[in-house]
Amino acid sequence: MAGRIRDEDITLVRERTSIADVISETVTLKSAGGGNLKGLCPFHDEKTPSFTVSPARNVYFCHGCGAGGDAIKFLMDAEHLSFLESVERLAGRAGIQLRYIEAGPAPVRQQQGQKQRLVAAHAAAVEFYAGQLGTAGARPAREFLAQRGFDRAAAERYGCGFAPDGWDLLTKHLRQRGFTAQELITAGLAREARSGSLIDRFRRRLLWPIKELTGDVIGFGARKLFDDDDGPKYLNTPETPIYKKSHVLYGIDQAKREIAKQGRAVIVEGYTDVMACHLAGVPTAVATCGTAFGADHIGVLRRLLLDTDAVAGEIIFTFDGDAAGQKAALRAFEDDQRFVGRTFIAVSPDNMDPCDLRLAKGDMAVRDLVARREPLVDFALRHVLNRFDLDTVDGRVEAMRQAAPLVAKLKDREKRPEYVRKLAGDLGMEIEPVQRAVLAAGNAPTKPGPGGTATAPARPVASAAPAVDNPQTMVEREALKLAIQEPVLAGPMFDALGPEVYLHPVHLAVRDAIAEAGGAASAASGAVWIEQVRDACADLGARALVGELAVEPLRIDGEPDPRYVSITLARLEWGSVTTRIRDLKSKVQRVNPVANKDEYFALFGELLSLEQHARALREQAAGGF
């Protein structure tokens, strides 16, 4: 992994990068008035442009899907790069020499050099293995591919190769290419024999190169071909500095753009299943590599799916219909809450995996398998109910107790009443007891999931975005826009007002984030400041709102000036003061002026002071919106 880039260099990259130039390479932008540009969002399908770019502040925001940020964030989402990779690419465009904390001013660090060497070793290994696939000794490998419906073109597309029958043929080849013995061991391409000599890790096996998102080969999956091979059916590269099996998804390099475009990922079980799906017209298929689908894989897919509260995609699991496949599906349901998107399962009626299904019934059958998907919760509920005798009272009650937690933890709350009715119908029970069981399960501590392991409660949903439909909401929004877009102009006056003047919780969260980022008075306008505020937001709704406010035009013709700031903030404070006056008047009316004379006059004096302050604010805000 690369070291951390100095903060001042990241700031310089943001300042010297024209976001309009970066985005224009993939999105056609046209003038939207007010200095902004608009185009069709690259992150979701739309017919009317809602993707707004603000060149003045070097940020973008989509009013359709909620995507937003600076040029670094755009490359991360559009090209599926890490933060570090995005900064380095933009620095290269701008001619900026980056400095890394680990190794002073030098941009090349030891660990980065190691990664480049290991990737280069794998690239050379891919070339070697692919060349071996055409040899006489690789005939069983070619027959294996052909029997599963893959021709030479398919083998070349996926970089398939063959590890020959020799103890150190690859090792000698790579040593001649200049790679050291330690590099080959570290890469997982070779290992030490008992004699101490270096030998190849893979022998007499069909190989699939495993690539990361960028397309770099970081490991191999090897399939046994010969009966006298006493090794496992599949043998993968061991854990290395560049290969972490819990993070890797086979086929992700070819599927990533379609996953992002379609908002859908299909999870299959093996390398040949990925190939079969892609060739059959399901280009979003990926597979794990020698490990169960887990939290780190979910993180990779959420990044590709733009899986946020604003954008929810589809995750479709394909499993065999046997006991092992059902168990895997139930484990997937336990991870369901980690996704915002909808999760489905697709099981072939004949219990065939996608590769076998394509061989037996053709490409259309594979596409139909995915099209016939059912919600994963339906599958999980059916699995639970099948364990009980629903013809007996005890069976129905126990089934209700076991199924209720599954309904209770549905992240889409609006679906829970429908599933309560469905569960009651499946059980042959009245709705009321099922509803009580679901409510009780929802209020209970963490419950074991269908597979017997504990499942986390559904993650909290970000606060709802405020609707711009009343004067107070409008003025709160305008004040926040001034602080985000024009911090130099609005800073001192904005910071002087406390959080009590904001009534909507999302507006308050954004105001708190501005304070957390150091206050508007300490900021300079532009993408750096906007990202600081966004990063300081703990609330997902607030983060989205910051991006929206950064590109939304101010409610003034021409450029804002100190008078406009003063008017806006006076109206903001006036709304808060009038609310306090109303509350104080109610309190004064409840106090007995004879029995509690001191309290009454204290409150009355405070009321007079507030009313005087309100009159001053009203005069200051004259002209308003």
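May I ask which residue of 574, 605, 505 lies farthest towards the positive end of the charge dipole of region 471-620, with charges of +1 (Lys, Arg) and -1 (Asp, Glu) on Cβ and the Cα centre as origin? Result: 605. Neighbour counts of other Cβ atoms within 10 Å put 63, 297, 613 in the fewest-to-most order 613, 63, 297. Across the chain, the convex hull enclosing all Cα atoms gives 225 Å³ per residue. For region 84-236, averaging the sequence separation of C-alpha pairs within contact (under 8 Å, six or more residues apart) and dividing by the residue count gives a relative contact order of 19 percent.
Normalising the average separation of contacting C-alpha pairs (under 8 angstrom, six or more residues apart) by the number of residues puts the relative contact order of region 387-443 at 37 percent.
Among 228, 77, which comes first, then next, by fewest other beta-carbon atoms within 10 Å?
Fewest-to-most ranking of 228, 77: 228, 77.
With all projection directions averaged, the alpha carbon convex hull of region 387-443 covers 3.5 nm².
Rg and Dmax of region 471-620, based on Cα coordinates, read 17.9, 60 Å. Do the alpha carbons of any pairs in 38/481; 481/585; 211/245; 211/256 sit beyond 23 Å of each other, and which pairs? Violating the 23 Å limit, Cα to Cα: 481/585.
Would you compute the Debye intensity of region 189-250 from its alpha-carbon atoms alone, equal scatterers and no solvent, and pass along log10 I(q)/I(0) at q = 0.25, 0.26, 0.27, 0.30 Å⁻¹ to two decimals? Log10 I(q)/I(0), no solvent term: -1.11, -1.15, -1.18, -1.27. For region 7-94, the convex hull drawn through the C-alpha positions has a volume of 88 cubic angstrom per residue. Going from the fewest other Cβ atoms within 10 Å to the most, the residues 500, 476 appear in the order 500, 476. Placing +1 on each Lys and Arg Cβ and -1 on each Asp and Glu Cβ, with no other charges, gives the chain a dipole about its Cα centre of roughly 620 debye.
Helix 323-334 axis versus longest C-alpha principal axis of the chain: approximately 20°, rounded to the nearest ten.
Once backbone amide H atoms are built at 1.01 Å from N, residue 32 has 37, 38 as its partners under 5 Å, excluding neighbours fewer than 5 places away on the same chain.
Coordinate-derived values only; no laboratory data. As the structure is a computational prediction, the values presented were derived from the model and not from experiment. Neighbour counts run over all protein chains shown; Cβ positions are idealised from the backbone, glycine included.
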